[in-house]
Amino acid sequence: MLCDKCSGKFFVPRSSLGPESEILSQLRSPSPLSSSDVHLFSQKILEAEGDVKAYEAEVARLMSKITTLTSKAGMLRKNIGVARSLLSPIRRLPSEILCIVFGLATIRPRFSLTRAYKNPPFLSVCSRWRNVVLSHPSIWSSFIVEYPKSMDDVYYPAKNIRALELHLSRSKASPLTITFRFVEKPSSGNLSASPDMTSANELEDLLIAHSSRWKDLTFHGSLVSPELRLCKRIQNVEILPSLTHLSNLYGLPISVWSALVAKCPELFSLEISPSADACMQQSFNIRNLVTLVLKDQNLNGTLRIVERCPKLLSLKCIFGHAPLLHPENVRSLACRTLPLVEDLVLELIGDPANHLPPLFISGLSIPSLKSVTIQKAPRAQRSGEPPVDALSQFFSRSRCILTALSLRSMIISDTDTISLLRPLIHLTHLTVHEICNPPAETVQTHPPLITTRFLDRLHTYKSSHSADDLIVSTVLVPRLQHLELKAPRSSFDDSAFVEMVMSRWLPVEDYAGSPSTSVSGVECLKSVDVHVVGGRVDVEIWKQLDIVGVRVSLEEEV
């Protein structure tokens with residue numbers, strides 16, 4: 001029989017057994033079936049069994065059709081996904097932008113004694129990405145070389161040497177950024193396990209051959225011997241014309257890095273960990289340095305190095321473990337002026353003596369200073385007094401117009417912080433990170449920093465006045481535009497913070513003034529980042545910010 005709608009054949013059952021109720025009623029009947037009824041029911045059963053087989057065949061046919069249709073739908077769905085990829089925004093990115101993305105997302109390749117080199121994963125995504133990666137030399141110009149710190153009889157996997165050669169070839173004429181990481185030599189058993197090994201001579205030959213392209217050179221690891229073959233090879237290089245950044249906080253001995261500095265006519269950025277003897281050396285020229293990072297306990301030596309850099313714009317000093325200075329040495333620290341420095345970073349690591357940063361800045365005057373960062377290891381023990389007075393005197397003596405201040409993990413009270421900020425009327429960027437999990441031995445003496453008092457002093461107006469009749473109080477940092485805070489939940493006051501932010505939310509459409517100044521010289525906040533550790537904020541209180549349109553970046557760490 002044909003279907004009226006699709007004209008397709010469909011099955012018509014032949015069985016006339018009837019419903020189950022009729023069959024059950026006959027089963028319950030006391031009289032048995034007659035011979036004619038037996039023949040009739042036998043015929044009906046045969047017809048029903050034929051219908052069952054026909055049903056099963058029809059089900060199989062339909063299932064096959066369903067499977068076919070499902071497969072076609074799946075293929076079509078896959079093709080739709082591929083077709084939508086043609087409309088993906090990343091396909092519209094220029095190759096130059098895509099190259100920058102790859103450069104930022106790539107983990108620097110490592111050429112090691114113990115592990116095989118792996119190609120960047122985006123080489124295998126599509127032909128366009130591969131072509132972009134292969135056609136931009138800058139992606140291939142940065143890598144890490146793990147080098148043994150004391151042995152000369154070293155062997156590398158030959159695959160890594162070939163990969164390094166390919167890297168250098170693909171980087172073409174791009175400046176190279178290389179990090180030497182000094183490591184212990186692996187056991188001889190590991191080296192002899194693979195016959196595909198090659199000598200470190202080939203590795204050194206490859207790198208030295210491209211020394212004219214070295215732009216950024218970093219050495220990491222414990223101090224190595226000057227007799228190390230790599231040190232000798234580097235010292236024999238006549239000139240490094242492209243090297244602009246040299247970092248040697250750990251690794252190379254004094255004789256090697258001083259020889260390197262002497263070979264770099266274009267060097268403007270230097271990171272070193274000099275000893276007192278190195279500070280006295282005059283054999284290398286650092287007059288053209290623009291950026292300098294020093295890790296040293298010798299304050300006199302540090303100041304002397306700084307004094308020899310008249311073009312310096314950025315200075316970072318890392319203070320580690322240090323003995324107490326003799327009073328005569330303290331009195332001998334004469335004041336130096338750094339006329340061009342704009343950025344200053346003081347970092348305290350390990351268990352530093354807090355007297356070092358104050359003594360250091362007591363010997364400096366920096367009139368062009370714009371940004372100061374003071375950061376301390378969260379687990380460093382407290383020793384001495386916080387450098388608040390020394391900082392205030394330093395700012396006053398320098399007569400600088402400071403626009404950015406960052407206090408990270410400093411053990412300092414809210415009162416001292418307020419005193420420090422009071423004269424900094426030009427500050428636009430303020431970062432305050434409180435120690436959220438202080439060491440057990442300092443918990444009792446650890447003063448809270450981001451308190452209700454501190455937040456109240458950041459208010460633009462007194463809360464007793466309405467918005468229509470604002471009276472500017474003695475507000476701290478009136479030109480503040482960018483605020484970043486990190487505080488423990490135990491001492492963080494949601495209400496005080498929200499009220500402070502709303503008081504500084506002074507959009508132009510609500511108040512008369514320039515695009516950045518709204519009320520009596522007080523700037524409108526442009527960005528606020530908050531990191532609360534040890535709990536969650538009160539959502540109901542923070543909803544007030546959404547009502548007035550303030551956007552605050554919040555990160556909670558429970």
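The values are calculated or read from the model by the stated rules, or taken from the named source; none is laboratory data. These numbers were taken from a predicted model, which means no experiment stands behind them. Please note: Cβ atoms are built from the backbone with ideal geometry, for glycine as well, and neighbour counts cover all protein chains shown. When the accessible area is computed, the model is the full protein with side chains, heavy atoms only, and any ligands, DNA or RNA have been set aside. Shrake-Rupley method; radii C 1.70, N 1.55, O 1.52, S 1.80 Å.
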For Asp494, the lone unmet condition from (1) open to solvent by 50 Å² or more (accessible area, probe 1.4 Å); (2) at pLDDT 80 or above; (3) among the acidic types (Asp, Glu); (4) out of contact with any strand residue (DSSP E or B) (no Cβ under 6 Å at 6 or more places or on another chain) is (1)
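Within the group Val508, Val530, Val539, Val475, which residue is open to solvent by less than 30 Å² (accessible area, probe 1.4 Å) and either farther than 18 Å from Ile425 by Cα or at pLDDT 85 or above (or both)? Please lay out each step first, then the result.
Numbers: Val508 fails: open to solvent by less than 30 Å² (accessible area, probe 1.4 Å); Val539 fails: open to solvent by less than 30 Å² (accessible area, probe 1.4 Å); Val475 fails: either farther than 18 Å from Ile425 by Cα or at pLDDT 85 or above (or both).
After applying the criteria, what remains is Val530.
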Tally up the residues in the range 90-137 that are in contact with a Pro (Cβ under 9 Å, 6 or more places away or on another chain), among the aliphatic types (A, V, I, L, M) and part of a loop (DSSP other than H, G, I, E, B), please.
3
Being under 30 Å from Pro253 (Cα atoms), under 22 Å from the mean Cα position of the chain (by Cα) and surrounded by 14 or more Cβ atoms within 10 Å (Cβ to Cβ) narrows it down to one residue among Phe102, Phe143, Phe111; which is it?
Phe143
Cβ pairs under 6 Å, 6+ apart, first in the range 262-285 and surrounded by 14 or more Cβ atoms within 10 Å (Cβ to Cβ), second of a type in the set (Val, Ile, Thr) and modelled with pLDDT under 80:
Ala278/Ile254; Cys279/Ile305
Does Val261 satisfy the condition of being farther than 15 Å from Thr302 by Cα, modelled with pLDDT of 80 or more and either assigned to a helix (DSSP H, G or I) or more than 31 Å from the chain's Cα centre (by Cα) (or both)?
yes
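Could we say that Ser112 is of a type in the set (Ser, Thr, Tyr) and in contact with a strand residue (DSSP E or B) (Cβ under 8 Å, 6 or more places away or on another chain) here? Outline the logic, then answer.
Numbers: of a type in the set (Ser, Thr, Tyr): yes; in contact with a strand residue (DSSP E or B) (Cβ under 8 Å, 6 or more places away or on another chain): yes.
So Ser112 fits the description; yes.
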